[in-house]
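Reviewing the structure listed below.
The values are calculated or read from the model by the stated rules, or taken from the named source; none is laboratory data. This one's a predicted model, so the numbers in the text were calculated from it and none came from an experiment. Ideal geometry is used to build each Cβ from the backbone, glycine not excepted, and the neighbour counts take in all protein chains shown.
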Amino acid sequence: MKRISYGAITAAASALIISSMAIAQNIDEITVQATRDVNVKSDAQTPPGGARVQDVSLSYRVNTAGLNLALHADVLELEKRVKDAALTGCKEIGRQYPNSTPDVADCAKAASDKAMIKVNALAAAAAKKSTN
């Protein structure tokens, strides 16, 4: 009986690892995550000595399908999509939480800068692949 239990656990863990690898390797999308801090001033949520700060984030997926990242124009298009997604996310958080920080511009810059790491990696891989 114990062998069956361990076998089932091993099979489930293996399936989970394989499926997470497949999800992690999806290169057709870049996730752009906008994050802002929100001051919560409710007495029930305020710790002694100050207001409780809560992080709020919103993620958008930017599709890379149809782009040839070996081409400079397509890399620029992807960068535009990433920046637009970052700005949209930060504006939406600002709409829902007007007193959130940092401001929309700084939030969008931080979110797009993080996502650009993957954009640059994908562009470099595409350029290397096209020269081979």
remark   = The one condition K114 fails out of (1) at pLDDT below 90; (2) more than 23 Å from K129 (Cα to Cα) is (1)
message = Considering only residues that are surrounded by 15 or more Cβ atoms within 10 Å (Cβ to Cβ) and assigned to a helix (DSSP H, G or I), which ones fall in the stretch 97-108?
response = V104, C107, A108
ask   = If a residue has to be over 19 Å from the mean Cα position of the chain (by Cα) and within 18 Å of D37 (Cβ to Cβ) to count, how many in the stretch 54-99 make the cut?
value = 5
note = Apart from one, (1) within 19 Å of A121 (Cβ to Cβ); (2) of a type outside the set (D, E); (3) assigned to a helix (DSSP H, G or I) all hold for G94; the odd one out is (1)
query = If you check K129 against the conditions, is it surrounded by fewer than 19 Cβ atoms within 10 Å (Cβ to Cβ), at pLDDT below 95 and not β-branched (V, I, T)?
reply = yes
